[in-house]
Amino acid sequence: QVQLVESGGGLVQPGGSLRLSCTASSNIMSFRIMGWYRQAPGSQRELVARISSGGTTTYADSAKGRFIISRDNTSNAVLLQMNSLKPEDTAVYYCNAIILLNIYWGQGTQVTVSS
């Protein structure tokens with residue numbers, strides 16, 4: 001069983017930045033895909049960004065040009081650098097990992113963008 005623990009959420013003003021971190025309980029080099037999803041109140045969970053074991057990245061249109069996803073294999077972590085944050089980025093952000101045919105989720109971290 002793999003555990004994913006997110007950190008780095010919080011309250012930030014519009015235009016600010018946050019860096020989310022997701023640390024896995026085991027070596028992530030074999031994780032096929034790791035990613036970040038978010039869910040705002042009253043909305044479905046949606047993809048923000050994901051990265052494959054080979055480093056290929058995919059971003060939601062809303063994240064392109066503002067967010068950067070990366071993997072740190074030495075720390076067993078996937079990072080999400082979020083810049084130029086907007087109020088509509090407010091949501092609970094969840095880390096996700098796909099290992100073979102299994103999907104794992106973290107418990108989420110709250111990001112609130114407000115003045």
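Okay, here's what the table says:
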quantity	calculated
Solvent-accessible heavy-atom area per residue, rounded to whole Å², over the chain at 1.4 Å	53 Å²
Average Cα contact separation per residue, the chain, under 8 Å, 6 or more apart, as relative contact order %	37 percent
Volume of the Cα convex hull of the range 74-115, divided per residue and given in Å³	100 Å³
Quotient of Cα Rg and 2.2 N^0.38 Å for the chain, N being how many residues it contains	0.99
More than 13 Å apart - percent of Cα-Cα pairs taken over the range 31-80	57 percent
Dipole magnitude (debye, nearest 20) for the chain, charges at Cβ of Lys, Arg, Asp, Glu	140 debye
Descending principal axes extents, the range 1-42, alpha-carbon based, whole Å	36, 24, 15
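The values are calculated or read from the model by the stated rules, or taken from the named source; none is laboratory data. The model shown is predicted, which means the values in this text are computed figures rather than measured ones. Neighbour counts run over all protein chains shown; Cβ positions are idealised from the backbone, glycine included. Please note that ligands, DNA and RNA were not included when accessible areas were found on the heavy atoms of the full protein model with its side chains. Shrake-Rupley method; radii C 1.70, N 1.55, O 1.52, S 1.80 Å.
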